[in-house]
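Trainee: Sending over a structure as structure tokens; questions will come in a sec.
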Amino acid sequence: MSDKRPDIEKTINHWITRSDQDYKTMIHLFNSKDYHWALFIGHLVIERLLKAIVVKNTHSHAPFSHDLRRLAKLSEVEFNDEYKRWFDTITTFNLNARYDDYKHNFYKKCTKNYANTWVLNIKILRKWIKKKL
């Protein structure tokens, strides 16, 4: 039987590296005024860091999920209520930017001020989560 456990350090580093690449992309998209895509990528920034923590703390692969609240719970890290609410909102960026039914409304919602608020929240979460890694 083969051992299906991940190479922990390699897997954690993979998720962190991908998140860091996505962070740069998010900033570029925000500066280019592609606010809805910046927020979509911002979701990936947080998702990938949470997956790194899941792997670190459970020594198992992270699940195929985009639900940030679920990933946060699986990470075994204690997040405050505000961060949990942010996870719920940021998770919607994944759905709203991806599916045509939601895309138009999301695009209209993504003003510079709205995107700026959420990019700042994503930056705060990113910094906080990285300290846990």
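Taken together, the values in this text are just the output of simple stated rules run on the coordinates, not laboratory data. What you see is a predicted model, and the numbers here were worked out from it, not measured in a lab. Glycine also receives a Cβ, built like all others from the backbone with ideal geometry; neighbour counts cover every protein chain displayed.
Trainee: Would you kindly state how much longer the chain becomes between Asn57 and Asn105 on full extension, computed as 0.36 nm times their sequence separation minus their alpha carbon distance, in nm to one decimal?
Mentor: 13.5 nm
Trainee: If you don't mind, another one. In percent, what relative contact order does the range 61-121 have, based on Cα pairs under 8 Å that are 6 or more apart in sequence?
Mentor: 26 percent.
Trainee: Okay, moving on. Given DSSP loops and a limit of at most 15 other Cβ atoms within 10 Å, what is the longest stretch of the chain that contains no such GluC sites (Glu not before Pro)?
Mentor: 1-75
Trainee: Restricting to DSSP H runs of at least four residues, report the calculated mean residue ellipticity at 222 nm for the chain, -39500 (n - 2.57) per run over all residues, nearest 500 deg cm²/dmol.
Mentor: Value at 222 nm, helices only, nearest 500: -26500 deg cm²/dmol.
Trainee: Report the longest stretch of the chain that contains none of the chymotrypsin sites (Phe, Trp or Tyr not before Pro) sitting in a DSSP loop with at most 12 other Cβ atoms within 10 Å.
Mentor: 1-63
Trainee: If you don't mind, another one. Which helices pass in the chain if a helix is a full DSSP H run, must span at least 24 angstrom along its long axis by Cα, and must have mean Kyte-Doolittle hydropathy not below 0.5?
Mentor: Qualifying helices: 35-58.
Trainee: Taking other Cβ within 10 Å of each residue's Cβ, how do Arg18, Arg126 sort, fewest first?
Mentor: Going from sparsest to densest Cβ surroundings: Arg18, Arg126.
Trainee: Once R0 is set to 30 Å, what does the formula 1/(1 + (r/R0)^6) return for the Cβ-Cβ distance between Asp67 and Leu120, expressed as a FRET efficiency to the nearest 0.05?
Mentor: 0.85
Trainee: Let me spell out the model: positive unit charges on the Cβ of Lys and Arg, negative unit charges on the Cβ of Asp and Glu, origin at the Cα centre of the chain. What dipole size does that give, in debye rounded to 20?
Mentor: 260
Trainee: Return the subset of Lys24/Lys127; Lys73/Lys127; Lys108/Lys130; Lys24/Lys123; Lys33/Lys109; Lys84/Lys130 for which the Cα-Cα distance in this structure is over 21 Å, preserving the input order.
Mentor: In this structure, Lys108/Lys130 exceed 21 Å between Cα atoms.
Trainee: Another question, if that's okay. Note down the relative contact order for the range 8-132 as a percent, whole number, built from C-alpha pairs under 8 angstrom at least six residues apart.
Mentor: The normalised contact order for the range 8-132 reaches 29 percent.
Trainee: Can you give the extra length, in nm with one decimal, that the chain gains between Asp34 and Asn80 once fully stretched, where that is 0.36 nm per residue apart less the Cα-Cα distance?
Mentor: Answer, rounded to one decimal: 13.6 nm.
Trainee: At a 10 Å Cβ-Cβ cut-off, how would you order Ile53, Ile12, fewest neighbours first?
Mentor: Ile12, Ile53
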